[in-house]
Amino acid sequence: MSYRAARAGGRARAAAPGTSPAYGAPPVEPTAWPRRPVWFFDLDDTLHDATLAAFGPLNGAMTDYLQASLGLDRAAADARRRAYWQRHGATLLGLIRHHGTDPHHFLAETHRLPGLEARLRRPRSDAQALARLPGRKFILTNGPAAYAARVLGSLGWRGFEAVIAIEAMRVFGQWRPKPDARMLRHLLARLKLPAHRAVLVDDTPGHLRAARREGWRTVWMQGYHRPQSPRLKRLRAGPPTVPAGSPPPTAWQRPGRRPAHVCARISGLNRLRALTFHG
């Protein structure tokens, strides 16, 4: 069998209902949770309300960067930012691939975010919920390390073994942030961790879909995308106000039927402990 035919056959088997995920990972039932889980937590809109604190100014700063570096007007720069995010999964990847942008310069310039600390919010119960959660815990974020340190330090997050930021998501010299499957496999290989023990907690369905295909357990964090929830109303009540230009929660992020690539859905971190661990 040729290499191309073998790859095509592998993709077909991975996509067939009821079969094992790609690359030999064992089939995973949504209720089959590991006894010794290793948790990978997204940062923005998972461990804090980034829609409130960061996304408006961040999108504006990225548009400013494209406008200045590519010589575009404001509308064209904003359209290019969105197009690269939709096509490549991150505006940065589009800039690297099409314009040779220095990723470190881009991250430093766009994540200055003055006043960020004053806008950060999370429920008080979240720290206790994670402290009681069994297993190793990591941060896995497409944000830069300096930004993650600001958020975690300001909110008083403790108990994470390491922060895996976008600068560490490189495979053979190529930047491969979430949801890149090569990065996920490379990460597990570095940690000598089988996929069935890894649990990704993230608010972005595309990230969860990629992890599920690799045999990870997946938890969809929806608490910061429920505009009518009392918890979110309390978090967003009073100052600081939502920055101008912050995107509203989108329809695909609102509660509904659980997708096949999502093992569990939660509205808050205190719900994680209710999951049944076995297998």
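Heavy atoms of the protein only, probe of 1.4 Å, neighbouring chains included. What is the accessible area of residue 207 in Å², nearest 10?
Here the residue's solvent-accessible area equals roughly 30 Å².
Could you give the distance between the Cα centres of the range 70-128 and the range 166-186, to the whole Å?
17
Quick check: residue separation of residue 117 and residue 149 times 0.36 nm, minus the Cα distance between them. What number comes out in nm?
10.4 nm
Take 172, 55, 106 and sort them by solvent-accessible surface of the protein heavy atoms, 1.4 Å probe, largest at the top.
Reading off the accessible areas and sorting them downward yields 172, 55, 106.
Quick one: 3J(HN,Hα) in Hz for the range 44-51, Karplus 6.51/-1.76/1.60 with θ = phi - 60°, rounded, Gly and Pro as x.
Calculated HN-Hα couplings, in order: 6, 6, 10, 9, 7, 7, 6, 4 Hz.
From the phi angles alone, apply the Karplus equation (6.51, -1.76, 1.60; θ = phi - 60°) to the range 201-217 and give each ³J(HN,Hα) in whole Hz, x where the residue is Gly or Pro.
Here the 3J(HN,Hα) series is 10, 8, 9, 9, x, x, 5, 5, 4, 5, 5, 5, 4, 8, x, 6, 7 Hz.
Modelling each spin label as a point 7 Å along the Cα-to-Cβ direction, I'd like the residue 85/residue 129 distance in nm, to one decimal.
Spacing of the two 7 Å Cα→Cβ label points: 2.5 nm.
Got a number for the accessible area of residue 125? Probe 1.4 Å, square angstrom, nearest 10.
Here the accessible area works out near 60 Å².
How much length is gained on full extension from residue 98 to residue 209, taking 0.36 nm per residue of separation minus their Cα-Cα distance?
37.3 nm
Divide the volume of the convex hull of the Cα atoms of the range 87-236 by its number of residues and quote the answer in cubic angstrom per residue.
Convex hull of Cα atoms, per residue: 131 Å³.
At a probe size of 1.4 Å, how large is the accessible area of residue 65, to the nearest 10 Å²?
Counting only protein heavy atoms, residue 65 exposes about 30 Å² to solvent.
The values are calculated or read from the model by the stated rules, or taken from the named source; none is laboratory data. Keep in mind that this is a model prediction, so the values were computed, not measured. FYI the Cβ positions are ideal-geometry reconstructions off the backbone, even for glycines, and counts take in every protein chain you see. Accessible surface areas use protein heavy atoms only, side chains included; no ligands, DNA or RNA. Shrake-Rupley method; radii C 1.70, N 1.55, O 1.52, S 1.80 Å.
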